[in-house]
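This report concerns only the one structure given below.
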Amino acid sequence: MIKENLEVVEKNIQNACKRAGRERSEVTLIAVSKTKPVSDIREAMACGITVFGENKVQEIRDKTAEIKEPLSWHMIGHLQANKVKYLPGVACMIHSVDNLRLAQEIEKQAAKHNLTMDVLIEVNMAHEDTKFGLSPEEAIPFAKEISTLEHLNIRGLMTIAPFTDDPESNRVYFKGLRQLKDEINALSIPRVKMDTLSMGMTGDYQVAIEEGATFVRVGTGIFGERDYANIK
């Protein structure tokens, strides 16, 4: 099933790139493996997938302890500052930076490991009360504020658009995130040059690609529905 699903997703990505006049190489597929067993990840790996996303630090730790092959692991879920210490050297990027305390803790832990952590600023484009992330109005001041943290490489922006049966309805949020990225780049903030937009999930990734996504986060579309009843 995973192989067949990946073939469908890949074809959709190629078609979306073609519609937008973009190269396929401009878009990276993140296979969101949260709640899924290592066997599923290995099945995706056998199909050539090397980039995976997880929502919980403990899952990244457990899975990287078992899977020793060189993969790119992305932390895409809400992150508590006290869990950051487990990520340097394990996660290649953190997508969900939305407050100063978290950014400062990433700086502290990255400095301890003598590395620079790639991060994205999470923006709640639809102003949904149930989601984390800064408001679009807060993003520019926040980018300026954390630009002084020397062990953070601020690569771009991330958003989680509303769940909807009509992917077109999320186009406005994806377009807005791209415009916000361009606006931040135009300010030439020292040490901030954004090249990444993490947006679009199973239901709307094709629209996100048409609006400039460089990372799309697809879970259900690859691995099938999740059974959260079995998750601790």
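Side notes on the structure shown:
- Net charge over other residues, Cβ less than 11 angstrom from the Cβ of ASN99 (K, R count +1; D, E count -1): -4
- Along the chain, longest interval not containing exposed GluC sites (Glu not before Pro), exposed being DSSP loop plus at most 10 other Cβ atoms within 10 Å: 24-224
- Among ILE60, ALA143, LEU120 - extreme Cα towards positive end, dipole of the range 2-218, charges at beta-carbon: ILE60
- In this calculation the C-beta distance from SER25 to SER147 is compared with R0 = 25 Å, giving a FRET efficiency of 0.30.
- Nearest-20 debye value, the range 64-198 charge dipole, Cβ charges on Lys, Arg, Asp, Glu: 500
- Think of the chain as having a plus end and a minus end, set by charges on the Cβ of Lys, Arg, Asp and Glu; of ALA103, PHE163, THR202, ALA103 sits farthest toward the positive end of this dipole.
- Difference of contour (0.36 nm per residue) and Cα-Cα distance, GLN179 to ALA111: 21.3 nm
- Relative to the Cα centre, the charge distribution of the chain, modelled as +1 at Lys and Arg Cβ and -1 at Asp and Glu Cβ, gives a dipole magnitude of about 620 debye.
- In the range 96-232, one over the average inverse separation of all distinct C-alpha pairs is 15.8 Å, which is the Kirkwood hydrodynamic radius.
- Cross-link pairs LYS34/LYS112; LYS36/LYS131; LYS3/LYS175 - those with Cα-Cα distance over 25 Å: LYS34/LYS112; LYS3/LYS175
- Per residue, the chain reaches -11500 deg cm²/dmol at 222 nm when only DSSP H runs of four or more residues are counted, each adding -39500 (n - 2.57).
- Fluctuation leader among ASN15, ASN82, ASN185 - the chain, Gaussian network, Cα springs under 10 angstrom: ASN82
- Zone of THR164's modelled label, taken as backbone nitrogen in the range 173-192 under 17 Å from a point 7 Å along Cα→Cβ: 173-179
- 10 Å binning of all Cα-Cα separations within the range 2-218, expressed as whole percents from 0 upward: 8, 34, 37, 18, 1
- Of MET199, MET45, MET125, the residue with the greatest mean-square motion in the GNM of the chain, using alpha carbon springs below 10 Å, is MET45.
- Ranked by how many other Cβ atoms sit within 10 Å of their own Cβ, fewest first, the residues CYS47, CYS17 fall in the order CYS47, CYS17.
- Subset of LYS11/LYS83; LYS63/LYS144; LYS85/LYS144 violating a 26 Å alpha-carbon distance limit: LYS11/LYS83; LYS63/LYS144
Read-outs throughout are calculated quantities, based only on the coordinates presented, and are distinct from any laboratory measurement. Only a predicted model underlies this, so the values are computations on that prediction, with no experimental measurement involved. Because the Cβ atoms are built from the backbone with ideal geometry, glycine has one as well, and the counts that use them run over all protein chains shown.
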